[in-house]
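Worksheet: the structure to be examined is printed underneath.
Derivation of every value follows stated rules applied to the coordinates shown; laboratory data play no part. As the structure is a computational prediction, the values presented were derived from the model and not from experiment. Here the Cβ positions follow ideal geometry from the backbone for every residue, glycine too, while neighbour counts run over all protein chains shown.
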2 protein chains.
Amino acid sequence: MSLVHPPVNGRLSPHPAPHLNARVRKLKLVIAFDGTGFHGWQSQPSGRGVQDAIEQALAALFPSQPRLTASSRTDAGVHALGMVVHFELPAAELRMTLRHLPLAINALLPREVRVSHAAQVPPDFHARFGATGKQYRYQVWNHPAMNPLLENRAWHVPRPLDLDAMRRAAATFHGTHDFRAFTSNRGTLLEDPVRTLRRCEIRRSGPQLTFVLEGSGFLYKMCRAIVGTLVQIGEGRFPPDTVARMLDSGDRQTAGMNAPAHGLTLWRVSYGRP
Amino acid sequence: MSLVHPPVNGRLSPHPAPHLNARVRKLKLVIAFDGTGFHGWQSQPSGRGVQDAIEQALAALFPSQPRLTASSRTDAGVHALGMVVHFELPAAELRMTLRHLPLAINALLPREVRVSHAAQVPPDFHARFGATGKQYRYQVWNHPAMNPLLENRAWHVPRPLDLDAMRRAAATFHGTHDFRAFTSNRGTLLEDPVRTLRRCEIRRSGPQLTFVLEGSGFLYKMCRAIVGTLVQIGEGRFPPDTVARMLDSGDRQTAGMNAPAHGLTLWRVSYGRP
């Protein structure tokens, strides 16, 4: 998509491609947000998508009103520390250094959303199709009384959990599997349901559990289905060795519940060699 | 203070002391709160002290309307994970197990305040005078852009910090000192200004710094003055070896700024041998 030299009468602009590209900048932003008050990442008719907030800020800075392409679409209530997006704009519109760009955008954003980093990327960079790895973290507060400092950040699980059983089950998710039983896509699954999980570990610090999920990519609601199932295993609802059967079944009905959205954070997205 | 047998006509109740004590229960509660919306711990005419919220909940459960004695008084905006309080009530009023008491109180509290633990303590237990150690933690987010997930939980310090210099300075606070230069008491200091810091360390995880301060006790705003001074040392405003001179001076004017309240959390209070 060229923002400077649209084809005239169906013919291409007279400028050769390299020259044209020099007049278009492709930029990458790293974005953190508290998802509590938003209807998820994606633009909404309500205007309460995180994407809407950032595109409104960009529109105030850049006349070409850039649209964002994001690495991931997060659900309502899900947070991010390292969401990656890209956008293009005419080089002439970028009148500040890339170090100042986050400050300029942040000055126009609500406090719940921050741009932590901006960089120029090559024309073939793509925030979504170029991502080679994603890490999500999920927080659980496992104590009869919730920790008020983790309100909207962690799932409160009051019943005692068998961490050993959960860790044994978590190891089963490791590797390459058909994750059809752990996604909420209705009807025919259009995408390939095979994903590779490189990490599926549970860290503990007192009553606080942190699930670290890292992989090549994730199906819709896959993180929340994995965490929900592991917590139900910790509660004794399923035996730990049931995960292999759930994966084999390919049936969402056999797996456990979806953990609530507010415990989940998109931690980072990686590009380049996995 | 007896809540069951007040002296009649100035004479003591006919029951001997041990019998009397058996009719009074002294209970200890551990309390966590998000201090953002409160005017500090202590009861306020506004009713927006954390203490007010808990005493109102207790008044709905116990006709004797117990008043709390707390280990510490935290400033407006300061949080707690392990605040300790005690109160007394007639044994006959306690009609539930101690395991259920936190649930009953929490059902009557705003979500920002939670009782995490309740226990019966001996008559000579005192939440404030019996405390032998306190740990505070202070969070700083050291990056040009704030982390929105730490809003109201961490102090945003955008400028780069020299962590080595800060750690050298932190070591100087270790041990027993006159901390008069690090307290905001106005006029004559009524309490002994000598305190012992057993820990004064700075942990780092990416842009997140956690100051762990542990000691026999803390003067008014002492934690915030120590952290504020260490951050200013990290910014190059004072050399690290200046802390010894600040301590020696006994003059609040020589030390650094108070770090803002919202980064501070009362982490735990200990009783018994230090």
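Quick check on packing: order B:75-85, A:102-112 by the mean number of other C-beta atoms within 10 Å, highest mean leading.
B:75-85, A:102-112
Report, as an integer, the average count of C-beta atoms from other chains found within 10 Å of each Cβ along A:114-123.
Whole-number average of other-chain Cβ neighbours for A:114-123 is 2.
Between B:Arg67, B:Arg237, B:Arg252, which gets the highest mean-square fluctuation from a Gaussian network model of chain B, Cα cutoff 10 Å?
Result: B:Arg237 has the largest fluctuation of those listed.
Could you tell me which of rounded, prolate or oblate describes chain B, using a ≥ b ≥ c as the square roots of the eigenvalues of the alpha-carbon gyration tensor, with rounded for a/c under 1.5 and, failing that, prolate when a/b is larger than b/c and oblate otherwise?
Because a/c hits 1.5 or more and a/b exceeds b/c, chain B counts as prolate.
Quick check on the protein assembly as shown: take the gyration tensor over C-alpha atoms, sort the square-rooted eigenvalues as a ≥ b ≥ c, and tell me if it's rounded (a/c under 1.5), prolate or oblate.
Oblate, since a/c reaches 1.5 and b/c is not below a/b.
To the nearest 20 Debye, how big is the dipole of the protein assembly as shown about its Cα centre, given +1 on the beta carbon of each Lys and Arg and -1 on that of each Asp and Glu?
Roughly 280 debye, rounded to the nearest 20.
Beta carbons within 10 angstrom, averaged per residue: use that to sort the peptides B:46-59, B:137-150, highest first.
B:137-150, B:46-59
For label points placed 7 Å from Cα toward Cβ, what is the shortest-first list of nm distances from A:Arg245 to its copies?
Ordered by increasing distance: 7.3 nm.
With respect to the axis carrying B onto A, what is the closest chain B residue by Cβ position, and how many angstrom separate it from the axis?
Per the B/A rotation axis, the closest residue of B reads B:Arg153, 5.
Between 0 and 90 degrees, rounded to the nearest ten: what's the tilt of helix A:222-234 against the longest Cα principal axis of chain A?
Roughly 20 degrees between the two axes.
Relative to the longest principal Cα axis of chain A, at what angle does helix A:50-61 sit, 0 to 90 degrees, rounded to 10?
20 degrees
Can you tell me, using C-alpha contacts under 8 Å and at least 6 residues apart, the relative contact order of the range B:134-251 as a whole percent?
34 percent
Considering only the label points, 7 Å along Cα→Cβ from Cα, what distances in nm to one decimal separate A:Thr176 from the same position in each other copy, shortest first?
Ordered by increasing distance: 6.6 nm.
Among the lysines, which have Cα under 28 Å from the Cα of B:Lys134 when same-chain residues fewer than 8 positions away are ignored?
Candidates past the 8-residue exclusion: B:Lys26, B:Lys28, B:Lys221.
Note down the net charge around B:Val30, summing +1 for each Lys or Arg and -1 for each Asp or Glu among other residues with Cβ under 10 Å from its Cβ.
Once positives and negatives cancel, what remains is +3.
B:Met96 versus B:Leu190, label points 7 Å from Cα toward the beta carbon: distance in nm?
For B:Met96 paired with B:Leu190, the spin-label model returns 3.7 nm.
Using only DSSP helix segments of four residues or longer, with each worth -39500 (n - 2.57), what per-residue ellipticity at 222 nm results for the protein assembly as shown after dividing by its residue count and rounding to 500?
-6000 deg cm²/dmol
Mind checking the dipole of chain B: about its Cα centre, +1 per Lys or Arg Cβ, -1 per Asp or Glu Cβ, Debye to the nearest 20?
Once rounded to the nearest 20, the dipole reads 460 debye.
Starting from a label point 7 Å past Cα on the Cβ side, list the distances from B:Pro260 to the same position in the other copies, nm, shortest first.
Listed shortest first, these distances are 2.8 nm.
Of the listed peptides B:123-130, A:160-167, what is their order by residue-averaged count of other C-beta atoms within 10 Å, with the highest listed first?
A:160-167, B:123-130
Go ahead and run the numbers for FRET between B:Arg168 and A:Arg67, Cβ-Cβ distance against an R0 of 45 Å, rounding to 0.05.
Efficiency at R0 = 45 Å is approximately 0.35.
Does anyone have the angle between helix B:163-173 and the longest principal axis of chain B? Alpha-carbon axes, 0 to 90°, nearest 10?
Relative to chain B, helix B:163-173 is tipped by roughly 50 degrees.
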